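Chemist: Sharing a structure with you now.
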Amino acid sequence: PKVDARTGRHVGCEALARWRTPAGEYIPPNRFVPVAEQTGLISPLGNKVFQLAAQQATRWRRAGIDAHIAVNVSPHQMRHPRFVQQLQQILLDTQADPSWFELEITENAVMEEVAQAVRIMNELGQLGFRVAIDDFGTGYSSLSYLKNFNIHTLKIDLSFVRDLIRDHHSDAIVRSIISLGSGLDLTLVAEGVETNEQADFLREAGCDILQGYLIGKPMPAMQFEQWLREQALDL
């Protein structure tokens with residue numbers, strides 16, 4: 001779940017892939033995603049995740065639940081010649097609207113092939129998708145490229161959020177990212193928020209959206225719906 005840093009109201013969620021074996025064991029993404037990348041299965045896996053997210057978004061909209069969904073995009077997906085067309089086909093098949101989604105692309109993925117990334121992000125923006133730069137601050141980008149990217153959101157990497165209370169370097173980096181994003185009129189999302197102290201710092205520094213275990217742990221769709229009902233009662 002993701003909430004407004006100031007009001008605490010939900011603003012959406014992020015779709016996460018989890019692999020549960022028949023025995024009930026959960027295999028974490030850091031184990032199966034690298035295998036999918038090495039075997040060429042990451043593109044169909046990414047498409048499947050988006051398809052499931054689109055199906056869920058359509059069901060929620062029909063039920064009156066207004067939940068925007070962020071979906072991660074692999075660098076391998078972006079390199080696929082029919083990447084954008086595949087997303088369009090999924091939208092058509094599920095009757096979902098691109099404005100319901102924010103596609104998260106890592107900073108390093110963007111910088112691998114800048115010209116291609118600019119073209120793809122422009123196409124996604126023209127279709128109506130929001131685009132976020134994920135793990136911002138951990139890559140090796142030139143800030144001059146930010147003005148050329150058709151992006152809407154910067155996600156502050158959890159490594160900075162985790163250490164910002166006890167490490168003045170992380171404190172300074174987070175404040176700088178928030179200042180940069182605000183100056184570019186971008187939405188700032190902090191991931192990995194686990195304590196009230198972190199939330200208070202980010203709120204006071206001007207961060208827009210909070211995400212992390214303090215807000216809610218990863219959960220299935222039905223549990224997320226219950227979380228929404230409980231939050232509405234709390235507010």
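Chemist: Once phi is turned into θ = phi - 60°, what whole-Hz ³J(HN,Hα) does the Karplus curve with 6.51, -1.76 and 1.60 give for every residue of segment 177-187, x standing for Gly and Pro?
Modeler: Karplus-based 3J(HN,Hα) across segment 177-187 equals 5, 5, 5, 4, x, 5, x, 8, 6, 9, 7 Hz.
Chemist: If you project the alpha carbons of segment 18-77 onto the principal axes, what extent comes out on each, in Å, largest first?
Modeler: Between the extreme Cα coordinates on each principal axis of segment 18-77 lie 39, 31, 14 Å.
Chemist: Any chance you could check the Cα centroid distance between segment 9-86 and segment 147-198 for me, in angstrom?
Modeler: Here the two parts' Cα centres lie 24 Å apart.
Chemist: Place a label point 7 angstrom from the Cα of TRP19 along the Cα-to-Cβ direction, then list the residues of segment 195-235 whose backbone nitrogen is under 20 Å away.
Modeler: Taking a point 7 Å out along Cα→Cβ of TRP19, the residues of segment 195-235 whose backbone N falls under 20 Å are 218-220.
Chemist: Right, another one. Quick one: of the DSSP bridges fully inside the chain, what percent are antiparallel, nearest 5?
Modeler: 25
Chemist: In segment 1-57, what GluC sites (Glu not before Pro) fall in a loop by DSSP, with at most 11 other Cβ atoms inside 10 Å?
Modeler: GLU25
Chemist: For SER182 paired with TYR26, estimate the spin-label separation in nm (one decimal), with each label point 7 Å from Cα along the Cα-to-Cβ line.
Modeler: 3.5
Chemist: Per residue of segment 88-103, what does 6.51 cos²θ - 1.76 cosθ + 1.60 with θ = phi - 60° give for ³J(HN,Hα)? Whole Hz please, x for Gly and Pro, Karplus curve as stated.
Modeler: With coefficients 6.51, -1.76 and 1.60, one gets 4, 5, 5, 4, 5, 5, 9, 6, 8, 9, x, 5, 7, 10, 10, 8 Hz.
Chemist: Taking all protein chains in place and a 1.4 Å probe, what share, in percent, of the accessible surface of the chain do carbon and sulfur account for?
Modeler: Ligands and nucleic acids excluded, carbon and sulfur reach 51 percent.
Chemist: Same structure again: Excluding ALA232 itself, what net charge comes from residues whose Cβ is under 15 Å from its Cβ, given Lys and Arg +1 and Asp and Glu -1?
Modeler: Cβ neighbours under 15 Å give a net charge of -3.
Chemist: Under 19 Å between alpha carbons: how many lysine pairs meet that in the chain, if sequence neighbours fewer than 8 apart on the same chain are excluded?
Modeler: Number of lysine pairs found: 4.
Chemist: Moving on to the next point. For a protection proxy built on the mean count of beta-carbon atoms within 10 angstrom, sort 81-93, 198-210 highest first, please.
Modeler: Highest to lowest by the protection proxy: 198-210, 81-93.
Chemist: Right, here's the next one. With θ set to phi - 60° and the Karplus curve 6.51 cos²θ - 1.76 cosθ + 1.60, what are the ³J(HN,Hα) couplings of segment 200-210 in order, to the nearest whole Hz, using x for Gly and Pro?
Modeler: For segment 200-210, the Karplus curve yields 5, 4, 5, 4, 5, 7, x, 5, 8, 9, 10 Hz.
Chemist: In segment 71-176, which GluC sites (Glu not before Pro) fall in coil by DSSP and have 16 or fewer other Cβ atoms within 10 Å?
Modeler: GLU113
Chemist: Moving to a separate point now. If you take every residue apart from THR94 with its C-beta less than 14 Å away from the C-beta of THR94, what net charge results, scoring Lys and Arg +1 and Asp and Glu -1?
Modeler: Charge balance near THR94 sits at +2.
Chemist: With Cα extents along the principal axes in Å as the read-out, I listed [x] 59, 36, 31; [y] 51, 39, 36; [z] 45, 44, 36; which label goes with the value calculated from this structure?
Modeler: [z]
Chemist: Further question on the same structure: Counting only other residues whose beta carbon sits under 11 Å from that of ILE65, what net charge do I get with K and R as +1, D and E as -1?
Modeler: Taking every other residue near ILE65 into account, the sum is +2.
The values are calculated or read from the model by the stated rules, or taken from the named source; none is laboratory data. Since we're looking at a predicted model, the values are computed, not measured. Don't worry about glycine lacking a Cβ; one is built from the backbone with ideal geometry, like all the others, and counts go over all protein chains shown. Accessible surface is based on the protein model in full, side chains and every heavy atom, while ligands, DNA and RNA are left aside. Shrake-Rupley method; radii C 1.70, N 1.55, O 1.52, S 1.80 Å.
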